[in-house]
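Let me begin by presenting the structure, written as structure tokens, before commenting on it.
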Amino acid sequence: MFLDTISSPSDLKGLGRAELRALADEIRTFIVEAVARGGGHLGSNLGAVELTLAVHRVFDSPRDPILWDTGHQAYVHKILTGRKDGFETLRQADGLSGYPSRQESEHDWVENSHASTILSYAHGLASAFDERGEDRRVVAIVGDGAMTGGMAYEALNNLGHSGRRVLIILNDNGRSYAPTVSRLSENLTMLRLSPSWVSTRRRIEGWTRELPGVGGLALSSWQGVKAAFRQMLEPPTFFESLGVRYTGPIDGHDIGKLEHALRNAAEYDGPIVVHVRTQKGRGYAPAEMDVEKCLHDISSFDPETGQPNGGGALTYTQVFSDTMVTLTDEHSDVLAITAAMPGSTGLLPVQERNPGRVIDVGIAEQHAVTAAAGMAMGGLRPVVALYSTFFSRAFDQANLDVGLHGQNVTFALDRAGITGDDGASHHGVLDIALCLRIPGMTVFAPSSAGELERMLIDAVALPGPAVVRFPKGAARQTAAGAVGAGLRSRRIRDGADVCILGVGKLVEAAEQAAEELESVGVAAAVWDVRVIKPLDVEMLRAAAAAPLVVTVEDGVRVGGAGSTISDAIADLQETRLSPPVLTLGTPDGYIPQAKPARIHAELGLDGHGIAASIRKALGR
Ligand SMILES: Cc1ncc(C[n+]2csc(CCOP(=O)(O)OP(=O)(O)O)c2C)c(N)n1
């Protein structure tokens, strides 16, 4: 096994071509087995094996920073930088992160897993090295999917202008989560299909210019030919008109060609993009054959077949999907917008059933939200389907473009709360606090499958903006009669000693806490808050009459639902003395990876933890 002999990039330098090819095969097998055990990102990593080998042979990491956009495709980089054994604990509590991690290795510079940021980091690092007189190369690897995000363009524009020495590797596999939606990407694809085009064009341009007598004329007719081929010319022209040199396309699975291109590009004194074409899922048949996602990410699976283990339970995503199918069936003005995640947000069945009613805007959450505001102004009822963590990107647009204009835009925020395996950057713990700051925004938190369906229908029917935030994974089944109505909260049980107000997923934990308290003689009332904004006055009054109020939410405690409820109880005109309000939520800190149940238990947000906090507060 070559793999066992590699513990740092320097171990690669002496390997010949055949050895490198064998090593690439071993790495692929290793990654498939590691991801099969506990899930993770597969397709992107399988596609980046040769590219990562070439990068580490040409550059001198960590002196030369190797920067990965999004970071989900850095498994090979981790293996080559001494972390192979860590894959036993990939994405587990206290284990290897699924993204680059500064704590893990000096080879990792950036661990933000939100896309399209890397060219900005690269610009900053190159500026710092220049200013400090340090001769270091900055290498930024960005996918064609990440190139659909606005920040990438802002950075390119700046890089071209400043002339900073950044080597950009455009890892083009034609795919984001799904096939990449972008004109630039379409044109990159054309170049991929005709890889010799750029060099041929440059050669012909050179010869034509030199033709004695007719050079100028021939060149002008060449302009006509060029116009005809504009589609093909766009990517190089695009980069070069921004001041960024373009080279490529290079076969991203040919280590020799890759190394040659990278060494040449490294000589260039300014920003340069090396366009590398790769195949997502390369070398693993089930990934290569997965037309939609190339097994972009996957939970644990059988490596023989590529089929996921377990599964079967109804998820909140599935409930959202089914409800959207119904809503788009019944209302011709309802449509959904996704930022490059049609599959993961459950919109593919909607697209299939009602073609044209799902719009994929690329990894462009900000644009998605403002475009939704425009659609609403034009008479449509858009539902913006995002993961909660990515909503943070578009807060300004939600606040001003949607909120200030009072538009009927519904935000469906999946993966709200603690998400688990993907670590700090993927938890959806800010959405409640952020959405509560937006005037006129109705904030729904469903606690079961039936509630999600009800709330989504209600949200779309409201005249102004609304958000429905729901957690990852299996949906709680709805007990008979346990679906609330409109903007009302729902009383679940009575009790005179304490009133627990549960939000979303934590309603179940609140009920468990009440049962545990009952066994020690404490009578707890429980409410499902359902709508965090506007708050139901009947619930507030009932809570204000209790000796102790406890709020529980799977979002940040400071500025979240609990603190808003606490203020609202204090503001109730009719109460002379407000009861104490204990607000339980996630802390003001970055929460590391682990299974959600474990994180909830550690944070005191499971039934037992909530009961313990209440007993402490009551002294019982
Ligand atoms: C702001 C943001 N929105 C959505 C995502 C979810 N996401 C993770 S990877 C990915 C696709 C990235 O495509 P690309 O950059 O081409 O990399 P590939 O996986 O194809 O190698 C998306 C949409 C994200 N990480 N960040």
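The values are calculated or read from the model by the stated rules, or taken from the named source; none is laboratory data. Here the structure is a predicted model, which means the values were calculated and not measured. Cβ: placed from backbone, ideal geometry, glycine included. Neighbour counts: every protein chain shown. When the accessible area is computed, the model is the full protein with side chains, heavy atoms only, and any ligands, DNA or RNA have been set aside. Shrake-Rupley method; radii C 1.70, N 1.55, O 1.52, S 1.80 Å.
Which whole-angstrom value gives the distance between the alpha carbon centres of segment 513-558 and segment 384-415?
The two parts, judged by their Cα centres, are 27 Å apart.
Classify segment 332-437 from the C-alpha gyration tensor, please: rounded if a/c falls under 1.5, else prolate or oblate depending on whether a/b exceeds b/c.
Working: a/c = 2.19, a/b = 1.18, b/c = 1.85.
Oblate, because a/c is 1.5 or more while a/b does not exceed b/c.
So, in nm, how far is label A313 from label V291 when the simple model puts each one 7 Å beyond its Cα toward the Cβ?
Using points 7 Å along Cα→Cβ, the separation is 3.2 nm.
So what J values fall out for segment 297-308 if you push phi through Karplus, 6.51 cos²θ - 1.76 cosθ + 1.60 with θ = phi - 60°, rounded to Hz, Gly and Pro as x?
Ordered by residue, 3J(HN,Hα) equals 9, 7, 7, 4, 8, 7, x, 5, 10, x, 7, x Hz.
Can you bin segment 254-361 into rounded, prolate or oblate? Criterion: square roots of the alpha carbon gyration tensor eigenvalues sorted a ≥ b ≥ c, rounded for a/c under 1.5, prolate for a/b above b/c, oblate for the rest. Spell out each step's value before the answer.
Working: a/c = 3.65, a/b = 1.71, b/c = 2.13.
The shape class here is oblate.
What net charge is computed for the residues neighbouring V369, neighbours being all others with C-beta under 10 Å from the C-beta of V369, Lys and Arg scored +1, Asp and Glu -1?
-2
Please report the spacing between the Cα centers of segment 1-41 and segment 586-604 in Å, no decimals.
33
Could the peptides 326-337, 529-540 be put in order, highest first, of the mean number of other beta-carbon atoms found within 10 Å of their residues?
Details: 326-337: 18.1, 529-540: 20.8.
By packing density, highest mean first, the sequence is 529-540, 326-337.
Points 7 angstrom from Cα along the Cβ direction at E538 and R132: gap in nanometres?
Reported label-point gap for E538 and R132 is 6.3 nm.
Give the percent of DSSP beta bridges with both residues in the chain that are antiparallel, rounded to the nearest 5.
Close to 15 percent.
What are the residues whose amide H is under 5 Å from the amide H of V526, where those residues sit 5 or more places off or on another chain and H is modelled from the backbone?
I492, R493, D494, I500
Pull up all non-local amide H partners of A140: gap of 5 or more, or a different chain, and H-to-H distance under 5 Å with H placed in the peptide plane.
L67, L167, I168, I169
Filter the cross-link list K472/K595; K78/K293; K472/K505; K505/K533; K13/K280; K505/K595 down to pairs whose alpha-carbon distance in this structure exceeds 19 Å.
Details: K472/K595 11 Å; K78/K293 23 Å; K472/K505 10 Å; K505/K533 17 Å; K13/K280 26 Å; K505/K595 15 Å.
Correct reply: K78/K293; K13/K280.
Between I457 and T237, how high is the FRET efficiency from 1/(1 + (r/R0)^6) when r is the Cβ-Cβ distance and R₀ = 41 Å? Nearest 0.05. Mind dumping the intermediate values first?
On the way: r = 48 Å, r/R0 = 1.17.
For R0 = 41 Å, the calculated efficiency reads 0.30.
Please report the relative contact order for segment 362-491, taking Cα pairs under 8 Å with a sequence separation of at least 6, and give it as a percent rounded to a whole number. Write down the numbers at each step before the final one.
Values: 239 pairs, mean separation 32.5, N = 130.
Rounded, it is 25 percent for segment 362-491.
Using alpha carbons only, how many angstrom separate the centre of segment 117-188 from the centre of segment 347-364?
After rounding, the separation between the Cα centres reads 28 Å.
Could you work out the relative contact order of segment 511-620, using alpha carbon pairs under 8 angstrom and six or more residues apart, expressed as a whole percent? Walk me through the intermediate numbers first.
Details: 112 pairs, mean separation 34.7, N = 110.
Reported as a whole number, the value is 32 percent.
Contact order normalised by length for the chain, with contacts defined as Cα pairs under 8 Å and 6 or more residues apart; what percent is it?
On the way: 1288 pairs, mean separation 69.8, N = 620.
This gives 11 percent for the chain.
Calculate the FRET efficiency for A93 and E508 from the Cβ-Cβ distance with a Förster distance of 30 Å, rounded to the nearest 0.05. Mind showing how you got there, number by number?
Details: r = 22 Å, r/R0 = 0.73.
E(calc), rounded to 0.05, equals 0.85.
Would you kindly state how much longer the chain becomes between D4 and D60 on full extension, computed as 0.36 nm times their sequence separation minus their alpha carbon distance, in nm to one decimal? Before the final figure, lay out the partial values.
Details: separation 56, 0.36 × 56 = 20.16 nm, distance 2.10 nm.
Full-extension gain reported as 18.1 nm.
Under 5 Å between amide H atoms, partner at least 5 residues away or on a different chain: which partners does D554 have, H built in plane at 1.01 Å?
Residues meeting the criterion, in which the H sits 1.01 Å from N, are L506.
If I take all pairs of Cα atoms in the chain, what percentage of them are more than 42 Å from each other? Intermediate results must be reported in sequence, preceding the final value.
On the way: 58876 of 191890 pairs.
Within the chain, distances greater than 42 Å cover 31 percent of Cα pairs.
Which order do the peptides 101-108, 172-179 take when ranked by the mean count of other beta-carbon atoms within 10 Å per residue, highest first?
172-179, 101-108
Which length gain, in nm to one decimal place, applies between R17 and A480 when the Cα-Cα distance is subtracted from 0.36 nm times their residue separation? Let's see the in-between values first.
Working: separation 463, 0.36 × 463 = 166.68 nm, distance 6.56 nm.
Length gained between R17 and A480: 160.1 nm.
Which order do the peptides 468-476, 456-464, 516-524, 39-47 take when ranked by the mean count of other beta-carbon atoms within 10 Å per residue, highest first? Intermediate values should be presented prior to the final figure.
On the way: 468-476: 23.7, 456-464: 17.8, 516-524: 15.7, 39-47: 26.1.
So the peptides 468-476, 456-464, 516-524, 39-47, ranked by packing, come out 39-47, 468-476, 456-464, 516-524.
Where a ≥ b ≥ c are the square roots of the eigenvalues of the C-alpha gyration tensor, would you call segment 491-620 rounded, which needs a/c under 1.5, or, failing that, prolate if a/b is larger than b/c, or oblate?
Details: a/c = 1.80, a/b = 1.25, b/c = 1.44.
It comes out oblate by the Cα gyration axes.
Roughly what would the spin-label model give for L618 and E186, points 7 Å off Cα along C-beta, in nm?
Placing both labels 7 Å beyond Cα along the Cβ direction yields 6.4 nm.
Find out how many positive minus negative residues lie around G486, taking Lys and Arg as positive, Asp and Glu as negative, among other residues whose Cβ is under 10 Å from that of G486. Mind dumping the intermediate values first?
Values: positive: R454, R488, R530; negative: D458, D536.
Combined, the nearby Lys, Arg, Asp and Glu give +1.
Of the heavy-atom accessible surface of the chain (probe 1.4 angstrom), what whole percent is carbon and sulfur?
Numbers: 12780 of 24590 Å².
Roughly 52 percent of what the probe reaches on the chain is carbon or sulfur.
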